Amino acid sequence: MFDILDISIQGGEFWDSATETFINLKPITLHLKHSLISLTRWEQHYKRKYLSDGPKTIEENLYYICCMVLNKDVPNLDLYVRQINQNDYERIQRYVQDDMTATTLPPQPKSDKKPEPLSSELIYYYMTGLNIPFSCEKWHLSNLLMLINIANIKNQPEDKKKKRSSAAIMHDYSALNRARRAKLHTKG
């Protein structure tokens, strides 16, 4: 799949400070997915909002990588994640931050209200309110958030959608009148 990031780790013999023993790690390819599921796992562990509670420590970022791993039952997963090289770590950061969508939203009117900090539960709430199936929790998180934004905009009542300015309407009418006069060869 295109929204899964594969990271290959060479393996080798490594020191496990928790058990104070050497551990032989086999080469492995970790399959990572930035999704609502991984976000929920991280928030359950740290009991804070991943998307809005400021910068993360290296430990918190490494734990989030563990939360993204799709491989089943990887023994010593934390040791594997600690073996990720700098280039792959940067690839993971770019992958997490990638929009993964061709959709762009029109600028929304400025609001005096401060945006509500997002948590995994709030995203699930939006999914429920907008009738988005829970199977979308497996999507790349940016795709899910874009779908929520689109559904929210499309579900607004017509009177709340941004109306065209009078100047824009007058400009369109003038252009339409000019086109009609040119077509009919009239002056008025």
*Would you mind calculating the gained length between residue 134 and residue 74 on full extension (0.36 nm times residue separation, minus the Cα-Cα distance), in nm to one decimal?*
19.0 nm
*Please give, to one decimal in nm, the separation of the simple spin-label points placed at residue 16 and residue 155, each 7 Å out from Cα toward the Cβ.*
4.6
*Normalising by the residue count of segment 1-160, find the relative contact order in percent from Cα pairs under 8 Å and 6+ residues apart.*
27
*asked:* Quick one: 3J(HN,Hα) in Hz for segment 24-36, Karplus 6.51/-1.76/1.60 with θ = phi - 60°, rounded, Gly and Pro as x.
replied: 8, 9, 7, x, 8, 10, 8, 9, 10, 9, 7, 9, 4
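All of the numbers you see were taken from the coordinates with simple rules; none came from a lab. None of the values given here were measured: they were computed from a predicted structure. Note: ideal-geometry Cβ built from the backbone for every residue, glycine included; neighbour counts use all protein chains shown.
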